[in-house]
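Presented below is the structure to which this report refers.
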Amino acid sequence: MRVKFWGVRGSIPCPGPNTVQYGGNTPCIELRFHNPERLIIVDAGSGIRELGNAMMIHDFPKGPIQTEIFLTHTHWDHIMGFPFFTPIYIPGTHLKVYGPVSYEQDSLEKVVGGQLSYRYFPVRHIELAARIEYFDLKEGDLELGDGISLTTKYLNHPVLCLGYRFEFENKSICTVYDTEPFRNLFCMDTGSPSYNEEMSLEGEQVAKEQNEAIEQFMFGADLVIYDSQYTQGEYELGKIGWGHSPIEHVCMVADRAKVKRMALFHHEPMRTDEQMKELERIHCREGNHDHAEIFFARERMEIDL
């Protein structure tokens, strides 16, 4: 299994001279499997445009493109590159799109394909040359064929969001973004009129169980790609509830879950290359962690498992 990052930023693309080294495109990850040849894409952020161009050079000459896109969720930074994914305009392309849907009245096809309407774009979804199928996903297990298995896990984000664990030939890769630590949502102030001891204790227990479930989901994985948009200080200064994790929390989780490699991901769009380097120096020093090799994901970075 080979992993390649085509987009590593969160929220909005941020191209420019200050983001050259780590990259400015929003999430898109390429998973390549061999024997048999198989390509799986995770998320269709702005990074999928360059992936599509690369596929037209390297994959299309071998025959019609057949691939799958697994969307973690349907926030715009994770689907905005879809209209610019060249294979959808090529006859013979067969694309399967999987993901969770948050609103019962809107199908996955309507949410993703709705970007391709004259209201927003000069080409309508119905005019695409590719054959595209959409599949709703929930939490559970799925066999993808060719010996590839998938486990999905609900994460903690303002919209329904899935983490993915792909396993193939005793190797595993997990995506755990966009998410933040589960917390007790009930009042903890014993002096407050809204305080209820039973509800408060139950809230503490549920948060603890869900945080442990996330760690179990990724336990022992060869590579985990984890949301690390904020520092702890930034997180506590008004970002709680936004659905993204502090770097310090992720580093502790990596050790507890005994993962082999932890890629810090979904970088803050305002973060410059120099600031990223400083955070890498602080948090990714060799010997800092008991089990995991921790690093910041960079656009075009490739990892062989």
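Could you give me D for segment 175-305, from Stokes-Einstein at 20 °C and 1.002 mPa s, where the hydrodynamic radius is the Kirkwood radius over C-alpha pairs? Units µm² s⁻¹, please.
Translational diffusion coefficient: 134 µm²/s.
Write down the percent of antiparallel bridges among all DSSP beta bridges whose residues are both part of the chain, to the nearest 5.
Antiparallel bridges make up about 50 percent of those DSSP assigns within the chain.
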> With the contact rule set at Cα under 8 Å and sequence spacing of 6 or more, what percent relative contact order holds for segment 1-141?
Replying inline: 19 percent
> Once phi is turned into θ = phi - 60°, what whole-Hz ³J(HN,Hα) does the Karplus curve with 6.51, -1.76 and 1.60 give for every residue of segment 78-86, x standing for Gly and Pro?
Replying inline: 9, 10, 5, x, 4, x, 10, 8, 3
> Expressed as a rounded percentage, what relative contact order does segment 135-192 have, with Cα pairs under 8 Å and six or more residues apart?
Replying inline: 24 percent
> Among V42, V101, what is the fewest-to-most ranking by other Cβ atoms within 10 Å?
Replying inline: V101, V42
>> One quarter of the convex hull surface, Cα atoms only: what value does that give for the chain in nm²?
In response: 17.7 nm²
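Order the peptides 5-13, 293-301 from the highest to the lowest mean number of other Cβ atoms within 10 Å of their residues.
Top of the packing list down: 5-13, 293-301.
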> Please state the relative contact order of the chain as a whole percent: Cα pairs under 8 Å, 6+ residues apart?
Replying inline: 19 percent
> Considering only Q275, H244, Y177, whose Cα is most displaced toward the positive end of the charge dipole of segment 2-304, charges sitting on Cβ of Lys, Arg (+1) and Asp, Glu (-1)?
Replying inline: Q275
> Considering amide H positions built from the backbone, and no H for Pro or chain starts, which residues 5 or more places from F296, or on another chain, come under 5 Å of its amide H?
Replying inline: L264
> Reported to two decimal places, what Rg/Rh ratio describes segment 76-226 when computed on Cα atoms with Rh from the Kirkwood expression?
Replying inline: 1.08
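Given the pairs K4/K171; K208/K239; K153/K260; K153/K208; K153/K239, which span a C-alpha to C-alpha distance of over 18 angstrom in this model? List each step's numbers first, then the result.
On the way: K4/K171 16 Å; K208/K239 20 Å; K153/K260 20 Å; K153/K208 16 Å; K153/K239 23 Å.
Over 18 Å Cα-Cα: K208/K239; K153/K260; K153/K239.
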> How do S228, S200, S149 line up, fewest other C-beta atoms within 10 Å first?
Replying inline: S149, S200, S228
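None of the figures in this text is laboratory data; all of them are computed from the coordinates on show. Quantities reported herein were computed from a predicted structural model and do not represent experimental measurements. Cβ coordinates were reconstructed from backbone atoms using ideal geometry, including for glycine residues, and neighbour counts include every protein chain displayed.
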